[in-house]
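Okay, structure first, notes after.
The values are calculated or read from the model by the stated rules, or taken from the named source; none is laboratory data. Source: prediction; values computed, not measured. Because the Cβ atoms are built from the backbone with ideal geometry, glycine has one as well, and the counts that use them run over all protein chains shown.
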Amino acid sequence: MSRLFGKLLDRLRGEQDLEKLIKKGLVVGKNFKRMGGVIIDPSHCWHISIGDNVTLAPRVHIIAHDTSTKTFLNYTRVANVSIGDNVFIGAGTIVLPGVVIGNNVVIGAGSVVSHDIPDNSVALGVPARVIKTIDEYLNAEKARMNSENVFGEEYTLRHPEFGEKERMELLEMCNKHGCVYIE
């Protein structure tokens with residue numbers, strides 16, 4: 001019953017039914033996560049493949065067709081989109097037709113991915129461009145982590161006892177260190 005309720009709630013929120021997209025031909029690997037408002041081209045989803053361990057943040061759009069050509073040429077351009085393994089795509093990003101995103105990639109929020117992004121990269125911008133390697137990015141983040149700004153799951157809304165004390169501690173540590181890291 002809760003699965004049915006969840007599907008109904010998703011429909012009311014305007015969320016796409018992932019199972020329907022997969023039945024139409026969308027390829028999705030293991031451990032796929034998508035947040036609210038994600039749009040995966042429903043009219044050409046069989047042109048999209050998504051690897052293992054991929055997270056799509058809120059409002060990501062993955063588009064496999066370009067109707068701008070219809071007005072002038074009377075044809076719609078359609079191209080495959082491939083997203084590799086171990087990829088995080090930030091909030092509000094648009095992935096355009098014909099793009100290949102490699103393995104071990106982070107795409108920054110608000111990016112427009114109009115060209116291929118190679119393996120082991122961090123890319124961002126409009127249009128998205130590679131700014132560093134994934135190792136450079138992760139090493140820099142690890143260097144910012146310390147005993148004061150790293151917190152466990154008890155500092156999330158998922159934890160039943162998360163409250164004012166934890167919120168204030170997180171705010172204080174963000175002010176002191178610029179950011180915090182939460183499991």
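Is it true that Lys70 is surrounded by fewer than 16 Cβ atoms within 10 Å (Cβ to Cβ), under 21 Å from Asn120 (Cα atoms) and either assigned by TED's automatic domain parsing to the domain that holds Asp17 or of a type outside the set (Phe, Trp, Tyr) (or both)? Give the derivation first.
On the way: surrounded by fewer than 16 Cβ atoms within 10 Å (Cβ to Cβ): yes; under 21 Å from Asn120 (Cα atoms): no; either assigned by TED's automatic domain parsing to the domain that holds Asp17 or of a type outside the set (Phe, Trp, Tyr) (or both): yes.
Here the answer is no, as Lys70 does not meet what is asked.
What are the pairs with Cβ atoms under 7 angstrom where one residue, in the range 16-30, is on the phi > 0 side of the Ramachandran plot and the other, located anywhere, is aromatic (Phe, Trp, Tyr)? Sequence gap at least six, or different chains.
Partner pairs satisfying both residue conditions: Gly25/Trp46.
Taking the residues in the range 31-45 that are more than 13 Å from the chain's Cα centre (by Cα) and surrounded by 15 or more Cβ atoms within 10 Å (Cβ to Cβ) as candidates, determine which candidate is farthest from Ala91 (Cα to Cα). It would help to see each step written out before you state the result.
Quick first cut of the range 31-45, residues more than 13 Å from the chain's Cα centre (by Cα) only: 41-45.
Next, only the ones that are surrounded by 15 or more Cβ atoms within 10 Å (Cβ to Cβ) stay: 41, 44-45.
Numbers: Asp41: 17, His44: 22, Cys45: 20 Å.
Result: His44.
Please tell me if Thr55 is surrounded by 14 or more Cβ atoms within 10 Å (Cβ to Cβ), touching a strand residue (DSSP E or B) at 6+ places or on another chain (Cβ under 6 Å) and farther than 21 Å from Lys33 by Cα.
no
Could you give me the residue pairs with C-beta distances under 7 Å whose first residue belongs to the range 141-159 and is over 15 Å from Lys176 (Cα atoms), whose second residue is assigned to a loop (DSSP other than H, G, I, E, B) wherever it lies, and which are 6+ apart or on separate chains?
Gly152/Glu183; Glu153/His159; Glu153/Glu183; Glu154/Glu161; Glu154/Phe162; Tyr155/Phe162; Thr156/Phe162
Go through the residues of the range 130-145 one by one and say whether even a single one is part of a strand (DSSP E or B), of a type in the set (A, V, I, L, M, F, W, C) and surrounded by 15 or more Cβ atoms within 10 Å (Cβ to Cβ).
Within the range 130-145, the subset part of a strand (DSSP E or B) is 130-133.
Filter once more, keeping what is of a type in the set (A, V, I, L, M, F, W, C): 130-131.
In the following step, the residues that additionally are surrounded by 15 or more Cβ atoms within 10 Å (Cβ to Cβ) were identified as 130.
Yes, because at least one residue in the range 130-145 is part of a strand (DSSP E or B), of a type in the set (A, V, I, L, M, F, W, C) and surrounded by 15 or more Cβ atoms within 10 Å (Cβ to Cβ).
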